[in-house]
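S.K.: Have a look at this one before I ask anything.
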Amino acid sequence: MTDKCAATEFQAACPTPLGWVAVTTDTAAIVKVSILESRPCVEAGEYPLAARACEVLRSWLEGGQWPRFRALAPQGTEFQRRVWDALLEIPPGQTRTYGELARVLKSSPRAVGGACRRNPIPLLIPCHRVVAANGDGGFAGHTSGRWMDIKRWLLSHES
């Protein structure tokens, strides 16, 4: 029996406690991180930055230090990039509410939540550290199920 994998555009992938984490880069920076339920098809060794990012993420998720990559190039609006920059300032083990970030960014909590939902580089741009004033909030556009289990796992992992 052959080991089947899902066809993707990713350049590196590795199994983690969250499922498979897959990474895509451009010539100099990480542009996408995805948490997948099944193993994607990727060619190993052709993309050193993607492979390194994947291994560093796996190490962190298995108990190492949170990886702060400088070479991140998320694609989004100017506002989304401002929110994502603010997320990078939240230390591991801490959270901010959507409202707190909205006040700093002179925006609304809903707009901050929308930018978090569209974050193309979760884990490395830690949108999981943003919570609602009265609870967990959402993660990856979901407020229940697998994605919220992942958010709660990440918050617990960092505390």
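The values are calculated or read from the model by the stated rules, or taken from the named source; none is laboratory data. Computed from a prediction, not measured in an experiment: that's the story for all the values here. Counting neighbours? That spans all protein chains shown, and the Cβs are built from the backbone with ideal geometry, glycine included. Heads up: the accessible areas ignore ligands, DNA and RNA and are worked out on the full protein's heavy atoms, side chains in. Shrake-Rupley method; radii C 1.70, N 1.55, O 1.52, S 1.80 Å.
S.K.: What do you reckon, how do ARG103, ARG58, ARG52, ARG152 stack up by accessible area (1.4 Å probe), largest on top? Walk me through the numbers before you get to the answer.
M.R.: Working: ARG103 165, ARG58 60, ARG52 145, ARG152 110 Å².
From most exposed to least exposed: ARG103, ARG52, ARG152, ARG58.
S.K.: Give me the net charge for the shell around PRO74: Cβ to Cβ below 14 angstrom, other residues only, Lys and Arg +1, Asp and Glu -1.
M.R.: Working: positive: LYS32, ARG70, ARG81, ARG82, ARG117, ARG118; negative: ASP26, GLU78, ASP85.
After counting each charged neighbour, the total is +3.
S.K.: Scale the Cα Rg of region 61-108 by the rule-of-thumb value 2.2 N^0.38 Å and send over the ratio, two decimals. Walk me through the numbers on the way to the answer.
M.R.: Values: Rg = 12.6 Å, N = 48, 2.2 N^0.38 = 9.6 Å.
Normalised by 2.2 N^0.38 Å, the Cα Rg of region 61-108 equals 1.31.
S.K.: Suppose only helical runs count, i.e. DSSP H with n ≥ 4. What mean residue ellipticity at 222 nm does that imply for the chain under -39500 (n - 2.57) per run, divided by all residues and rounded to the nearest 500 deg cm²/dmol?
M.R.: Numbers: 5 runs with 54 residues, N = 159.
Mean residue ellipticity at 222 nm (helix-derived): -10000 deg cm²/dmol.
S.K.: A follow-up question, please. When the chain is treated as a GNM, springs tying every alpha-carbon pair under 10 Å, which of ILE30, ILE121, ILE90 comes out with the largest mean-square fluctuation?
M.R.: In this elastic network of the chain, the residue with the biggest mean-square fluctuation among ILE30, ILE121, ILE90 is ILE90.
S.K.: Further, regarding this structure: Apply the Debye scattering formula to the chain, with a single equal point scatterer on each alpha-carbon and no solvent, then give log10 I(q)/I(0) at q = 0.10, 0.16 Å⁻¹.
M.R.: For the chain at q = 0.10, 0.16 Å⁻¹, log10 I(q)/I(0) is -0.35, -0.89.
S.K.: Still on this structure, please answer the following. Run the numbers for MET148 and ASN134: contour at 0.36 nm per residue of separation, minus the present Cα-Cα distance, in nm.
M.R.: Values: separation 14, 0.36 × 14 = 5.04 nm, distance 1.50 nm.
Separation in residues times 0.36 nm, less the Cα-Cα distance, equals 3.5 nm.
S.K.: May I ask you to derive the relative contact order of the chain, considering only C-alpha pairs under 8 Å and at least 6 residues apart, and to give it as an integer percent?
M.R.: Values: 256 pairs, mean separation 30.3, N = 159.
About 19 percent, as a whole number.
S.K.: If you don't mind, there's one more thing I want to ask. Stretched out fully, how many nm does the piece from ALA111 to SER159 gain, at 0.36 nm a residue minus the Cα gap? Present the calculation step by step, with values, prior to reporting the outcome.
M.R.: On the way: separation 48, 0.36 × 48 = 17.28 nm, distance 2.68 nm.
Separation in residues times 0.36 nm, less the Cα-Cα distance, equals 14.6 nm.
S.K.: Using only the alpha carbons of region 74-159, what is the convex hull's orientation-averaged projected area in square nanometres? Numbers along the way, then the final one.
M.R.: Numbers: hull surface 19.6 nm².
The directionally averaged projection comes out at 4.9 nm².
S.K.: Per the 1.4 Å probe, what fraction of the accessible area of region 20-159, in percent, lies on carbon and sulfur atoms? Spell out each step's value before the answer.
M.R.: Values: 3510 of 7230 Å².
Using a 1.4 Å probe with all protein chains present, region 20-159 comes out at 49 percent carbon and sulfur.
S.K.: Against the longest principal axis of the chain, how steep is helix 78-87, in degrees 0 to 90 to the nearest 10, with axes from Cα atoms?
M.R.: Between helix and principal axis, roughly 90 degrees.
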